[in-house]
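The values are calculated or read from the model by the stated rules, or taken from the named source; none is laboratory data. A quick note: this is a predicted structure, and the numbers were derived from the prediction, not measured. With ideal geometry, Cβ positions are generated from the backbone for all residues, glycine too; neighbour counts draw on all protein chains shown. We work out accessible area using only protein heavy atoms, side chains counted, and drop any ligands, DNA or RNA first. Shrake-Rupley method; radii C 1.70, N 1.55, O 1.52, S 1.80 Å.
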Amino acid sequence: VQLQAFGGGLVQAGGSLRLSCKAPRTISSVFNPSTMGWFRQAPGKERDLVANITSRGTTNYADSVKGRFSISRDNARKTVYLQMNGLRPEDTAVYYCNFLPVARDYWGQGTLVTVSS
């Protein structure tokens, strides 16, 4: 069982993308009470937490994306979103979603976001 992220692509600097991640049916029952996070891993770098959202909707962001990215969730759809605006070349990475605390067995393949300058 993996959490699959979708919505990546190639975009010019300043552009926008919206990522989504839907919990598989087998783990959908734990989605609503869980904190969810978006992570990213750039080439040659560690995987870092970009944003997270609690079950009640409280959000937190890495300093590098504050004011540009917005995380949200739809508990009825068991889906978490990441709206990315004002994209920069340094945002280029593979983006993943996961629970917080991280459930290592649920890492998916991620979705690649490439921002051209």
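Just a few scattered comments:
- Test: residue in region 76-85 that is farther than 19 Å from VAL11 by Cβ, free of Cβ contacts under 8 Å to residues at least 40 places away in the same chain, surrounded by 14 or more Cβ atoms within 10 Å (Cβ to Cβ) and polar (S, T, N, Q): no
- Qualifying residue in region 43-51 (condition: at pLDDT 95 or above and surrounded by 18 or more Cβ atoms within 10 Å (Cβ to Cβ)): yes
- Contact annotation: residue pairs with Cβ atoms under 9 Å, 6 or more positions apart or on different chains, pairing a residue in region 32-54 that is under 19 Å from LEU87 (Cβ atoms) with a partner that is open to solvent by 10 Å² or more (accessible area, probe 1.4 Å) and of a type in the set (Asp, Glu), are PHE39/ASP48; ARG40/ASP48; GLN41/ASP48; ALA42/ASP48; ALA42/GLU90.
- Against the conditions (1) exposed (fewer than 13 other Cβ atoms within 10 Å of the Cβ); (2) at pLDDT 95 or above, ASN60 satisfies every one except (1).
- Unmet requirement for GLU90, which otherwise passes all of (1) part of a strand (DSSP E or B); (2) free of Cβ contacts under 8 Å to residues at least 60 places away in the same chain: (1)
- The number of residues in region 7-61 being more than 15 Å from LEU100 (Cα to Cα), assigned to a loop (DSSP other than H, G, I, E, B) and more than 12 Å from the chain's Cα centre (by Cα) comes to 10.
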